[in-house]
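Let me begin by presenting the structure, written as structure tokens, before commenting on it.
Here, each number is a calculation from the coordinates, and none is a lab measurement. Please read all numbers here as calculations on a predicted model, not as lab measurements. Here Cβ is always computed from backbone atoms with ideal geometry, including for glycine, and neighbour counts include all displayed protein chains.
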Amino acid sequence: MASPAFGEERLLVVDMHAHFFNAADLPIAGFGKHVLQHGELGRHRAGRAVIDLLAGLVQRIAADADEELTAIGQGEEWTPETFGTASAEFVESRTSELESRGTAGDPDLVRSYQDLTAALAADAGYDAALVANARTFSLAESGSDAQSFQRQLNAYSFAAVANKVESAAFADPGVVLEHRSSTEMNIFGDWEIPILGEVSRSVGWAYLMGKTRRSHIMKFLESYSGESATPGMAVNHLVDYDYWLDDTPAEGSAPLKQVQVFSRLSEQFADRVDIRTFAGFCPLRHAIETLGGDQILFDQYKPLVASGAIAGFKMYPPMGFRPWNNAALNDEDFDPQGRAPRTALDRWQAAGGTSDLCRALDDSLAQFYQWCADNAVPIMAHAGSGNEAGDGFGQRANPVWWEPVASQYPIRLSLGHLVNNAEPFVEAVRQGPPYRENVWALHGSRRLLDKENQAIRAEVYGDLGYMPELIDNPRLAADFFKALLRVFGDKDSDLSRILYGSDWIMLGRERHYERNLDQMINGMRAARYTPAQQENILFRNARRFLRL
């Protein structure tokens, strides 16, 4: 795939950080319970209901990899209307079940569903009286007519959110709600209306996660194809964190099945976009399979790398492991301390492991790095602190833990989420050194991407995935790209190690996500990047990283 130079025609951009999986491909119940519940969404009073809906409805309805593989493009797609109807029926069934069990049935979750349906009704534009009724509605205290009306209201409200996600003709989820007066919305008490908007956008994202992988690729192309640029290639990252979360993907979405369906989809879309898939690598899975004498998934992946079905591997340290030197930890350090079951330790001990999980993880990682180095297979690592599966586990994604790996193994590595948040990064660069320790890009990442650093044997890049704060803030975008050039361009004026990435479909939770690519380009131009610098970030660096 050759991309034209600036000014010739539309740029064919390489998106180095995309996800086309759906809810069936994820251990969604475990991820919701042990990650989302303890993150930003879990702090919203309606957040529990969104998480419960994801696990109880969305994963069940989403086509698993096996189903999509046998009928690519032929099955019925989830529509806003079917989503609305299914969601309303699920909410009624779920709250009825919970109410019938009294105090044993989780009254807080019932209230969370009441808050959720009220927020969606408000975002759909219904009057305050209907919204207030939804917030206090109880199946146990209502007659059949009232139940039927509430079910219909919920169906319309859920469908309205889905329509807003599907079509640019509608305002984004949360916009209508956020523009309603505080007096009118005082039924929500001390809630902040933007938080309700976030909940509405999360339901829109849940709708997307129930759709097929094929539809995700089509939506991606539709969303990011503009007048000046369009995706010419996308790297699709799969994840493997089942062993940390006490859960699995849907039965028909085992890891090998996921690779298989995306191999077929890449063939189907070959004339529109070049899709390369990175499979997930989990050192805990590898250690347990090795100990138990089971068939090792990583060994099954190796011929798929040779055939081109797998282009690289994705790692997720915030699940609980360091990229290196886990041996400095104790086995108890892998216990999420009440946030979740002792999944990692329990699995390890059930397989016959004793008190050496920490060293077993390092052994698995060493084998993995050496094989990737010997076979020139690239690695992408989640290098942000978000989505941790235990308190403090996010710190294990800190790029400083990659420095000993990069000094020992001549791998190609991309740090996903090179800059976790633009605002503290810009402010820290403005203040100058000594830099704050919590701005990771100014410490380990900076040393790793330094081409003159003789201690580093690896070839290290970093992507700009998931930066929604830049989308509607052109001034911040310009300041960010100026700071990025100042930090990473002091010894590399062409910025030859920075990669564009969107983090679609995860970015689908955010307002105006479809503007991401255009705003990235606008930010670079506002920061007076040269055509060469822009081309490097948008496609040339990615081709170097992938050896194309």
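Okay, here's what the table says:
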| quantity | calculated |
| --- | --- |
| Hypothetical label at D472: residues of the range 496-520 whose amide nitrogen lies under 11 Å (7 Å Cα-Cβ projection) | 510-513 |
| Interatomic Cα distance distribution for the range 382-514, bins of 5 angstrom, percent | 2, 10, 19, 23, 22, 14, 7, 2, 0 |
| Distance in nm between pseudo-label sites at H512 and E227 (7 Å out along the Cβ direction from Cα) | 1.7 |
| Local electrostatic count, R547, Cβ distance below 12 Å [Lys/Arg +1, Asp/Glu -1] | +3 |
| Total lysine pairs under 19 Å (Cα atoms) in the chain, excluding pairs fewer than 8 apart on one chain | 9 |
| For D242, net neighbour charge (Lys/Arg +1, Asp/Glu -1) across residues whose Cβ lies under 15 Å away | -4 |
| Two-decimal ratio, the range 301-451, of alpha-carbon radius of gyration to 2.2 N^0.38 Å | 1.13 |
| Volume in Å³ per residue [convex hull over Cα atoms, computed for the range 87-156] | 73 |
| Radius 9 Å from Cβ of L139, net charge of other residues (Lys, Arg +1; Asp, Glu -1) | -3 |
| Relative compactness, the range 262-380, computed as alpha-carbon Rg over 2.2 N^0.38 Å | 1.21 |
| Estimated vicinal HN-Hα couplings, Hz - the range 489-505 in sequence order (Karplus 6.51, -1.76, 1.60; Gly, Pro = x) | x, 5, 10, 8, 4, 7, 6, 7, 10, 9, 10, 6, x, 9, 6, 5, 9 |
| Computed helical MRE - 222 nm, the chain, DSSP H runs ≥ 4 contributing -39500 (n - 2.57), nearest 500 | -13500 deg cm²/dmol |
| Peptides 292-305, 205-218 ordered by average Cβ neighbours within 10 Å, highest first | 205-218, 292-305 |
| Built amide H within the under 5 Å cut-off of G280, gap 5+ | L238, V239, K314 |
| Integer Hz, Karplus 6.51/-1.76/1.60 couplings in order for the range 393-405, x for Gly and Pro | 5, x, 5, 6, 8, 4, x, 4, 6, 8, 4, x, 5 |
| Cβ-Cβ FRET estimate between M218 and A171, R0 fixed at 22 Å, reported to 0.05 | 0.50 |
| Diffusion coefficient, µm² s⁻¹, Stokes-Einstein with Kirkwood Rh over alpha-carbon pairs of the chain at 10 °C and 1.306 mPa s | 65 |
| Note, ³J(HN,Hα) from phi for the range 424-430, Karplus 6.51, -1.76, 1.60, rounded to Hz, x at Gly and Pro | x, 5, 4, 5, 5, 5, 4 |
| Sequence-distant residues sharing a close amide H with I411 (under 5 Å, placed H) | A458, E459 |
| Three semi-axes of the equivalent ellipsoid, the range 397-473, Cα gyration tensor, whole Å, largest first | 24, 15, 9 |
| Values of log10 I(q)/I(0), in the order q = 0.20, 0.23 Å⁻¹, for the range 1-122 under a Debye, Cα-only, solvent-free model | -1.18, -1.37 |
| A351-F149 pseudo-label distance in nm [points 7 Å out on the Cα-to-Cβ vector] | 5.7 |
| Protection-proxy order for peptides 30-37, 521-528, each taking the mean of Cβ atoms within 10 Å per residue, highest first | 30-37, 521-528 |
| Distance (nanometres) between label positions extended 7 Å along Cα→Cβ at D106 and E77 | 3.2 |
| Equivalent ellipsoid semi-axes, the range 187-269, via Cα gyration tensor eigenvalues times 5, rooted, Å | 30, 23, 10 |
| Most to least packed among 91-101, 52-62 [average Cβ atoms within 10 Å] | 52-62, 91-101 |
| Histogram of C-alpha separations across the range 45-111, 5 Å bin width, % | 3, 15, 21, 21, 15, 10, 7, 5, 2, 0 |
